[in-house]
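Here is the structure we will look at.
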Amino acid sequence: MTALLQQPGYEEERLQRVAEKLPCRDVQAGLLLSLMGQPQQYSFPSIFIYGHRASGKSHVLQVLLKELELPHATVSCVECVSVVLLFEQVLLSFFGCDAASLLPRSPSLSDFVRVYRQQCSQSPAKQTRYIVMEKAELLRDTDANLLPALLRLQELVEDNVTVILLSEIVWDKFRPNTGCFEPLLLHFPDYSKGELQQILSQDRHPSYSAEFYSSYINILLGVFYSVCRDLRELRHLAALNFSKFCEPLAEGKVKDTDTHKLWRNIEPHLKKAMQTVYLREVSSLQWEQMQQMEEKETGTVRGLSAHTHVELPYYSKFLLIAAYLASYNPARTDKRFFVKHHGKIKKTNFLKKNEKTSNHLLGPKPFPLDRLLAIFYSVVDSRVAPTASIFSQISSLVTLQLLTKVSQGDLLDAPKFKCAVSLDFICAISRTVNFEILKYLYDFL
Amino acid sequence: MSKRKVGAAHMPVGECITQVQEILRQRFCRQRVPDRPGGVEAQHKHLLGLLKRTAVHGESNSVLIVGPRGAGKTMLLKCVLRDLMEEKEVQKNLLQVHLNGLLQTDDRIALKEITRQLSLENVVGDKVFGSFSENLVFLLEALKKGDRSSSRPVLFVLDEFDLFAHHKNQTLLYNLFDVSQSAQTPIAVVGLTCRLDVLELLEKRVKSRFSHRQIHLLSSLTFPQYLERVQTQLSLPDDFPDENFAQNWNSSIKAVCEDKSVRDVLQRHFNSSKDHRTMNMLLMLCLSRVSVSKPTIKPADVLEASRMCFSDAKANMLHGLSILELCLIIAMKHLNDIYEGEPFNLQMVHNGADGFFC
């Protein structure tokens, strides 16, 4: 496996070290190395590497460039809010901080190329210089000339420089309208299950045997592989759950090799982890605390989506119900639901093309204050006067984030709201006031 | 595996391979200008004649070189300039200004660049000019020869010409073409662009000052010519130090090009695009498979390189998704088909994908 990385111009033992640090990525590393060629030779002006998250793109490049000590500048496009940061970083890495200070204030690309050319005529490149740009998809949102210029940087500055772009998005989404210099496209395929097993097994704790840890990884992958193939997530989950896996071993109940009992112990735990820690409903800290508590003591998991039932005053409940009805019923059906004597409404007119989707799937729609009050008055049994207390209850509902205000700031006399509660919540509330909300919802007709 | 023969210059295989890589990389990656322009002799002659008239006889000219990406516009221009500079008189007198639409995004920046390239920063100093044209005229006046009789000819090369047409009021273009028409200073304006409809981008006043001279580089290669070009690009030149190795290499390249499967692959490439760049990319990928342990290019290399060029990026990315994510994508496809492209959100997708999670 290590013999695959051979390239004249680099030392053997350095290549060996590189190969050891890049398990399961030898094919890609070999290809990159052969494209890079010997240090003093020219390489293709721009290379575009794409692949899923945590498929090793940055890792492979960093290991290659650092171990082989090639001149490089790594720039993450997330950090480069303005292009000046990109220019400074590149000039700093290649020519030192004096060159970076030669850039004028708010430099344009023209200034950058000029300074680069000056510097490189003083210190020409003896080895190929690499500019690595991570999260390159953000380059599409900057000036329209930046991406095409970077792709042909070798030609513009007349220096031995190669630009490598790393991204999770395919190249077809990057191409500018009138075309550009096409980079060489390289794909970093995802890791297979066996490769994931191999890489995750390298994280093992030294006090446990390799077989024990790999059986644990096997179980973990069996539960999580169909849901998530991201290496970073899997490493995180493996680290979090390992102590629980070793618990019966520490207590002396089972032996090392008793995989069936270990599996029975850990499997419900992993399933619970999939619903909480993986979805980030609870933080890793909470998860670890829960693991330390006894099983009898663990009550309900207080995740992010667990609503605590709020006690509301009587009229507030009806206001909330009215808001829900206003959000999820189309405005033209109000007459049918809330007016005492409505005529026959023909159903056939109602069904338009986009009515096939239920309103509940589309999300709440905004409604004006007048409509809310109209529905409220018809829904509440008793006669209620429009006093200030009613209006102040509306604003307290907004503070509780049960309603959301969506109108612009300058329209003070016609505010619009949206209802921000789920169907279960509103059903629970309407049960407490003996109101049958399902009869008033258009989707449940 | 080193052959040692007395007499002829022989190098060990490792060094030969290094030399081969060096030469071929200069061709593919650096796009070195070839000695003879291949297939564009008429255009070469036309452009050379035009620029010679400006440089030697002081006649102002403007021309646009139009061709799709990778057709060889810059290569043609470099060839012509190299041939032009062989005359002593031209070398002494002609000044060149190279502007690029990607770099000079503004007329102000373009003017600074012109000043800098004509080395007139000292002359301009701190002067403040009222308008663009005043500035330009001043610069060109400053280029007059010592006896004030005539001015040195200037060649303006505008790369990505269509981007200059997007500047405000097209001031730079207007002034350059104006000077070229008004016979004050002999200038030649050469624009390179990939857009065939570039003339429609120009304003009426700019278009009327342009000479409407266009050189088109639409490739008219046939497949046999394409094959020949591939072979020439991969072959080693005659002055390669190790003659034996060069001969072996060239004959193996010839054999590869005559192989049936390679021809099919090259036909596919020819059908999708004929330009130099895609060819260079394919050949670069072939070259990367040459190493000391395998010092020739085999047909399998070309097939593998072609496979890499034509690989479907989206299918590659789909391969790496987990089963859950694939279910969601299938549900999205269903929704897209049923509702004919109407937007959808996660709730709807989740609803649709529920059927898969049983």
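Only counting other Cβ atoms within 10 Å, I'd like A:His187, B:His98 sorted with the fewest neighbours first. Intermediate values should be presented prior to the final figure.
Working: A:His187 20, B:His98 15.
Listing A:His187, B:His98 from fewest to most nearby Cβ atoms yields B:His98, A:His187.
Using the Cα gyration tensor of chain B, with a ≥ b ≥ c the square roots of its eigenvalues, what is the shape: rounded (a/c below 1.5), prolate (a/b larger than b/c) or oblate (neither)? Numbers along the way, then the final one.
Details: a/c = 2.55, a/b = 1.26, b/c = 2.02.
Taking the square roots of the gyration eigenvalues as a ≥ b ≥ c, chain B is oblate.
Of the residues A:Leu65, A:Leu320, A:Leu231, which exhibits the maximal mean-square fluctuation in a Gaussian network model of chain A defined by a 10 Å Cα contact cut-off?
In the Gaussian network model the winner is A:Leu320.
By counting other Cβ atoms within 10 Å of each Cβ, how are B:Met85, B:Met332 ranked from fewest to most? Each step should come with its number before you reach the end.
On the way: B:Met85 13, B:Met332 16.
Fewest to most other Cβ atoms nearby, the residues stand as B:Met85, B:Met332.
Starting from the Cα gyration tensor of the protein assembly as shown, take the square roots of the eigenvalues, sort them a ≥ b ≥ c, and report rounded, prolate or oblate (rounded when a/c is under 1.5, otherwise prolate if a/b is larger than b/c, else oblate). Provide the component values of the computation, followed by the final result.
On the way: a/c = 2.47, a/b = 1.46, b/c = 1.69.
Judged from the Cα gyration tensor, the protein assembly as shown comes out oblate (a/c at least 1.5, b/c at or above a/b).
Of the candidates B:Pro295, B:Pro186, B:Pro343, which one comes out as most mobile in a Gaussian network treatment of chain B with C-alpha springs shorter than 10 Å?
B:Pro343
Which whole-Hz couplings ³J(HN,Hα) result when phi for each residue of segment A:367-379 is put into the Karplus expression 6.51 cos²θ - 1.76 cosθ + 1.60, θ = phi - 60°, listed in order with x for Gly and Pro?
So the Karplus estimates, Gly and Pro as x, are 9, x, 4, 4, 5, 4, 5, 4, 5, 4, 5, 7, 7 Hz.
Count, for each residue of B:284-293, the Cβ atoms from other chains sitting within 10 Å of its Cβ, then give me the mean as a whole number. Let's see the in-between values first.
Details: counts 5, 6, 0, 3, 11, 2, 1, 5, 3, 1.
Per residue, the average neighbour count from other chains is 4.
Taking the 0 to 90 degree range and rounding to the nearest ten, how far is the long axis of helix B:243-258 tilted relative to the main principal axis of chain B, both from C-alpha atoms?
Orientation of helix B:243-258: about 70 degrees from the principal axis.
Let's see if you can work this out: charge +1 on each Lys and Arg Cβ, -1 on each Asp and Glu Cβ, no other charges. What is the dipole magnitude of the protein assembly as shown about its Cα centre, in debye to the nearest 20? Intermediate values should be presented prior to the final figure.
Numbers: 96 positive and 88 negative charges, 390 e Å.
With Lys and Arg at +1 and Asp and Glu at -1, about 1880 debye.
On C-alpha positions alone, give me the angle between the axis of helix A:231-251 and the longest principal axis of chain A, in degrees, nearest 10.
Compared with the principal axis, the helix lies near 80 degrees.
What ranking do A:Tyr213, A:Tyr314 get, fewest neighbouring Cβ atoms within 10 angstrom at the top? Intermediate values should be presented prior to the final figure.
Details: A:Tyr213 20, A:Tyr314 11.
Ascending number of Cβ neighbours within 10 Å: A:Tyr314, A:Tyr213.
Search the structure for amide H atoms under 5 Å from the amide H of B:Asn61, placed 1.01 Å from N in the peptide plane, and list their residues when 5 or more places away or on another chain.
HN-HN under 5 Å from B:Asn61: B:Ile187, B:Ala188, B:Val189.
Per residue of chain A, what 222 nm ellipticity follows from adding -39500 (n - 2.57) for every DSSP H run with n ≥ 4, rounded to the nearest 500?
On the way: 19 runs with 202 residues, N = 445.
The helix contribution divided over chain A gives -13500 deg cm²/dmol.
In debye, nearest 20, what is the charge dipole magnitude of chain A about its Cα centre with +1 on Lys and Arg Cβ and -1 on Asp and Glu Cβ, if you could check?
Values: 51 positive and 47 negative charges, 515 e Å.
Here the size comes out at about 2480 debye.
Assigning unit charges at the beta carbon (Lys, Arg +1; Asp, Glu -1) and nothing else, what dipole magnitude in debye, to the nearest 20, does segment B:25-130 show about its Cα centre?
On the way: 18 positive and 12 negative charges, 107 e Å.
Taking the Cα centre of segment B:25-130 as origin, the dipole is about 520 debye.
Farthest toward the dipole's positive end in the protein assembly as shown, which of A:Ala239, A:Pro268, A:Leu361, given Cβ charges of +1 (Lys, Arg) and -1 (Asp, Glu) about the Cα centre?
A:Leu361
I'd like the mean, over residues of A:142-151, of how many other protein chain beta carbons sit within 10 Å of each residue's own Cβ.
Working: counts 0, 2, 4, 8, 1, 1, 4, 6, 1, 1.
Partner-chain Cβ atoms within 10 Å, mean over residues of A:142-151: 3.
Report the one residue of B:Leu283, B:Pro241, B:Gln170 whose Cα lies farthest in the direction of the positive end of the charge dipole of segment B:151-302 (charges on C-beta: Lys and Arg +1, Asp and Glu -1; origin at the Cα centre).
B:Gln170
So for chain A, what percent of the C-alpha to C-alpha distances run longer than 42 Å?
On the way: 46990 of 98790 pairs.
Cα-Cα pairs in chain A separated by more than 42 Å: 48 percent.
How would segment A:385-444 be classified by its alpha-carbon gyration tensor: rounded, prolate or oblate, with rounded meaning a/c under 1.5 and the a/b versus b/c comparison settling the rest?
prolate
Mind checking B:310-322 for the average number of partner chain beta-carbons within 10 Å of each residue's beta-carbon? The partial results should precede the final answer.
Values: counts 0, 3, 2, 9, 3, 1, 9, 9, 0, 4, 12, 3, 9.
So the per-residue partner count for this stretch is 5.
Among B:Ile330, B:Ile297, B:Ile215, whose mean-square fluctuation peaks in a Gaussian network model of chain B (Cα, cutoff 10 Å)?
With Cα springs under 10 Å in chain B, the top fluctuation among B:Ile330, B:Ile297, B:Ile215 is at B:Ile330.
Which residue, chosen from A:Ser209, A:Gln127, A:Val60, occupies the Cα position most advanced towards the positive end of the dipole of segment A:53-211, where the dipole is computed from +1 (Lys, Arg) and -1 (Asp, Glu) charges on Cβ about the Cα centre?
So the residue furthest toward the plus end is A:Gln127.
Would you kindly derive the ³J(HN,Hα) couplings of segment B:204-219 from the backbone phi angles with the Karplus curve 6.51 cos²θ - 1.76 cosθ + 1.60 (θ = phi - 60°), listing them in order in whole Hz, with x for Gly and Pro?
4, 5, 6, 4, 5, 8, 7, 7, 6, 8, 10, 10, 9, 10, 8, 5
Show me, for segment A:389-396, the HN-Hα J-couplings you get by feeding each phi into the Karplus relation (A = 6.51, B = -1.76, C = 1.60, θ = phi - 60°), rounded to Hz, glycine and proline as x.
With coefficients 6.51, -1.76 and 1.60, one gets 5, 5, 5, 6, 5, 4, 5, 6 Hz.
Return the long-range amide H neighbours of B:Gln96 (sequence gap of 5 or more, or a different chain), with a cut-off of under 5 Å between placed amide H atoms.
For B:Gln96, whose amide H was placed from the backbone, the distant partners under 5 Å are B:Leu155.
Which angle between 0 and 90 degrees, to the nearest 10, do you get for helix B:223-234 versus the longest principal axis of chain B when only C-alpha atoms count?
90
Using only helices, what value at 222 nm comes out for chain B when you add -39,500 (n - 2.57) per DSSP H run of length 4 or more and divide by the total residues, to the nearest 500 deg cm²/dmol?
Dividing the helical sum by the residues of chain B leaves -16500 deg cm²/dmol.
Could you work out the relative contact order of segment B:1-111? I mean the mean sequence separation of Cα pairs under 8 Å and 6+ apart, divided by the number of residues, in percent. All intermediate terms of the calculation are to be shown ahead of the outcome.
On the way: 48 pairs, mean separation 22.2, N = 111.
Reported as a whole number, the value is 20 percent.
What are the residues whose amide H is under 5 Å from the amide H of A:Thr74, where those residues sit 5 or more places off or on another chain and H is modelled from the backbone?
Here A:Val132 satisfy the definition.
Can you pick out the pairs among A:Lys57/B:Lys333; B:Lys112/B:Lys204; A:Lys66/A:Lys272; A:Lys173/A:Lys193 whose Cα atoms lie more than 32 Å from each other? Kindly include the intermediate steps, with their values, before the conclusion.
Working: A:Lys57/B:Lys333 29 Å; B:Lys112/B:Lys204 26 Å; A:Lys66/A:Lys272 41 Å; A:Lys173/A:Lys193 29 Å.
Long pairs (Cα-Cα over 32 Å): A:Lys66/A:Lys272.
Can you give me the relative contact order of chain B as a percent, contacts being Cα pairs under 8 Å and 6 or more apart?
Details: 414 pairs, mean separation 75.5, N = 358.
It comes to 21 percent, rounded to a whole number.
We did not get these values from a lab; they are worked out from the coordinates using the rules stated. Every value quoted in this text rests on a predicted model; they were computed, and no experiment measured them. Please note: Cβ atoms are built from the backbone with ideal geometry, for glycine as well, and neighbour counts cover all protein chains shown.
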